[in-house]
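Let me begin by presenting the structure, written as structure tokens, before commenting on it.
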Amino acid sequence: MLRSHTCGELRIEDVNKKVTLSGWVQRIRDKGSLIWIDLRDRYGITQLLLEEGRSAQELIDKARTLGREFVISARGTVIERVSKNHKMPTGDIEIDLTGIEVLNKSKIPPFTIEDNTDGGEELRMKYRYLDLRRNPLRTNLALRHRLSLETRKYLDSQDFFEIETPYLIKSTPEGARDFVVPSRMNRGQFYALPQSPQTFKQLLMVAGYDRYYQLVKCFRDEDLRADRQPEFTQIDCEMAFVEQEDVLDTFEGLIRYLFREIKGVNIEKLPRMTYAEAMKTYGSDKPDIRFGMKFVELNDVAKGKGFNVFDDAELVVGINTESCGNYSRKQLDKLTDFVKKPQIGAKGLVYVKYNEDGTFKSSVNKFFSQEDLKVWAEKFGANPGDLMLILSGETDAVRRQLNELRLEMGNRLELRNPEVFKPLWVVDFPLLEWDAESGRYHAMHHPFTSPKPEHEHLLETEPGSVSANAYDIVINGVEIGGGSIRIHNRELQKQMFKLLGFSDEEAQAQFGFLMNAFEYGAPPHGGIALGFDRLVALFAGQDSIRDFIAFPKNNSGRDVMIDSPSPISQEQLDELGLRIVEGES
Ligand code: ASP
């Protein structure tokens, strides 16, 4: 028998039991007359004890040959510890050893297998199987398991079927680049890996499956960031005979269920905010509503006073950062530097301090009287001791910049507590967005999203002002998921493709299968997909999704452990009818 118990389960009640434990040697402390070995497995750590004079000399000699990460099986008796460790679940006991079997040796690991390891990112990725032995990673993957299990339980209780859809498909236009797979049997032709199962889940609705879900891998060939991976997992869902309200209710239910089951947190009914309101008051379609600092527009009171910067701007808008009125010159300069960073791109920052004595000190005192500034303060709802920060410029740009500043102030003032969760729905997204570069409209969500019925008549004349039955779920400033009510009518789908610049032939060639299906009794349907990796990271209060995925890719999309992507042999290339053209990328 290799083990009778795990390394996480023995307690004071087990004293005097004869046990066998197996695991990895975490640490050996050799004090001469006493030797302690910490033995670790997935379940925890148990301390093993050897004592000169009491334990067999042969066993002591053997223990001295062990190294970190050796795999051993240890026999002994559970005894009560003299000095207990209350931080460890097994901290009341230790094992008085009677036998050790080395199951496998280990080289010295390239970094320490500790909670705070000395290993850098690249090294940890290369030896991911060692990194995964560490507690933080183990806890992350345990959380991931719990979330997927509870998600399945909830969706099952709501009559959803988990149905797998294929990975070798043809491209789905979700806005990113496809990963493609050459077909050997169909030379010169390629599959694409799904950016999402979008068209398949819609076909399942046509097929009458009514409620579908899948925890599914999706593939997008885009530039990577901390919260993006080329392959990632979605909780993908679709429902038939539903309106927007039904989808929101069902998935609000899922989110609340997960928070309750997993974090013991009761989430109130999710507030709704229109896209237009989110952009106007937070400068973002994924507002972090854990804190206020809502945007206040000042055009009517800040323009026409001879300050050119404001007079020439399309929008003058600011935030009130409560209780920062005591910021020093240096702190204000730092904020100005922040908004002027190239990634943010503001030209400058105007500040107004509301002094405790009721006067105002601002960077634009020359142009604005104390009375003028008092009017601003009223608009901001500011009080003495507050600091107002104001940006101006072209509307979209200035909103984006002020959003960055707002989040920065939220961080500085520690208003973004990762243990506080504030989800909301953002609704009424525009159907289309104009892309100046290509000179045409793009679908804001995807081409299968339906316009609001009351806006359908505007599709021909004013496509830019059509709202969609599209929604996002946002938690703490992170877009956790999005979806829409779909088009289920061939003619409307055709019209949509036309708006997006597809000829009838192109639309038929690429999406004929879907439009044809719409002619065989497609029910009204809609759905949503939640980013599963992001959801897990959020539950753990972290930004990066990488440590919530067992084997992730690095920033250049590489798996440095298996060293992929990698060249393939000439034989494979020939078989696929591919030729590498050197010197181009
Ligand atoms: N397929 C969409 C996405 O991946 C989600 C949806 O519309 O259901 O974002």
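Taking R228 as the residue in question, decide whether it is part of a loop (DSSP other than H, G, I, E, B) and over 21 Å from F448 (Cβ atoms). Criteria met by R228.
Candidates are the residues of the stretch 483-509 that are within 16 Å of the ligand (Cβ to nearest atom) and among the polar types (S, T, N, Q); the one that is nearest to L248 (Cα to Cα) is S484. Within the stretch 147-191, being of a type in the set (G, A, S), more than 26 Å from F548 (Cβ to Cβ) and within 16 Å of the ligand (Cβ to nearest atom) holds for one residue alone: S171. Can you report the number of residues in the stretch 100-122 which are among the small types (G, A, S) and closer than 26 Å to D61 by Cα? Adding up the residues that qualify gives 1. Taken over the stretch 467-495, the criterion of being more than 30 Å from K422 (Cβ to Cβ) and surrounded by fewer than 24 Cβ atoms within 10 Å (Cβ to Cβ) is satisfied by H488, N489, R490, E491, L492, Q493, K494, Q495.
Being of a type in the set (D, E), within 16 Å of the ligand (Cβ to nearest atom), surrounded by 17 or more Cβ atoms within 10 Å (Cβ to Cβ) and within 20 Å of G482 (Cβ to Cβ), is that true of even one residue in the stretch 431-452? No - not one qualifying residue is present in the stretch 431-452. Examine the stretch 54-73 for a residue that is among the acidic types (D, E), outside any strand (DSSP E or B), in contact (Cβ under 8 Å) with a residue 12 or more places away in the chain and closer than 20 Å to R3 by Cβ, and state whether such a residue exists. The answer is yes; a qualifying residue exists.
Return a yes/no flag: does the stretch 260-270 have any residue that is more than 16 Å from the ligand (Cβ to nearest atom) and either in contact with a Gly (Cβ under 7 Å, 6 or more places away or on another chain) or under 24 Å from A468 (Cβ atoms) (or both). Scanning the stretch 260-270 turns up at least one residue that is more than 16 Å from the ligand (Cβ to nearest atom) and either in contact with a Gly (Cβ under 7 Å, 6 or more places away or on another chain) or under 24 Å from A468 (Cβ atoms) (or both).
Residue by residue, here is whether (1) over 26 Å from E238 (Cα atoms); (2) polar (S, T, N, Q); (3) not in a helix (DSSP H, G or I) holds:
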site: L530; (1), (2), (3): no, no, yes
site: L535; (1), (2), (3): no, no, no
site: S544; (1), (2), (3): yes, yes, yes
site: D547; (1), (2), (3): yes, no, no
site: P552; (1), (2), (3): yes, no, yes
site: S556; (1), (2), (3): yes, yes, yes
site: P567; (1), (2), (3): yes, no, yes
site: R579; (1), (2), (3): yes, no, yes
site: G583; (1), (2), (3): yes, no, yes
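This table checks each residue for (1) charged (D, E, K, R); (2) in contact (Cβ under 8 Å) with a residue 40 or more places away in the chain.
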residue	(1), (2)
R486	yes, yes
R490	yes, no
A507	no, no
E519	yes, no
V536	no, yes
A540	no, yes
I549	no, yes
P552	no, yes
S556	no, yes
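Selection within the stretch 159-189: residues that are part of a strand (DSSP E or B) and over 27 Å from Y441 (Cα atoms). The member of this set that is nearest to the chain's Cα centre (by Cα) is E162.
With respect to D156, is the statement that it is of a type in the set (D, E, K, R), assigned to a helix (DSSP H, G or I) and in contact with a strand residue (DSSP E or B) (Cβ under 9 Å, 6 or more places away or on another chain) true? The answer is yes for D156.
I want to confirm something. Restricting to the stretch 204-228 and keeping residues that are more than 13 Å from the ligand (Cβ to nearest atom) and modelled with pLDDT of 95 or more, which single residue is surrounded by the fewest Cβ atoms within 10 Å (Cβ to Cβ)? Within the stretch 204-228, the match that is surrounded by the fewest Cβ atoms within 10 Å (Cβ to Cβ) is G208. Apart from one condition, D333 fits all of (1) surrounded by 14 or more Cβ atoms within 10 Å (Cβ to Cβ); (2) free of Cβ contacts under 8 Å to residues at least 60 places away in the same chain; (3) not in a loop (DSSP other than H, G, I, E, B); the exception is (1).
Restricted to strands (runs of 3 or more DSSP E) entirely inside the stretch 350-400, those with at least 1 residues that are without any contact (Cβ under 8 Å) to a residue 24 or more places away in the chain and of a type in the set (D, E, K, R) are 360-362. Checking the structure you have, find out if any residue of the stretch 454-468 is outside any strand (DSSP E or B), within 16 Å of the ligand (Cβ to nearest atom) and within 28 Å of R256 (Cα to Cα). Looking for residues that are outside any strand (DSSP E or B), within 16 Å of the ligand (Cβ to nearest atom) and within 28 Å of R256 (Cα to Cα), one finds none in the stretch 454-468, hence no. Restricting attention to the stretch 417-430 and to residues that are at negative phi, surrounded by 17 or more Cβ atoms within 10 Å (Cβ to Cβ) and in a loop (DSSP other than H, G, I, E, B), the residue that is nearest to the ligand (Cβ to nearest atom) turns out to be F429.
The values are calculated or read from the model by the stated rules, or taken from the named source; none is laboratory data. A quick note: this is a predicted structure, and the numbers were derived from the prediction, not measured. In this analysis, Cβ positions are derived from the backbone assuming ideal geometry, glycine residues included, and neighbour counts consider all displayed protein chains.
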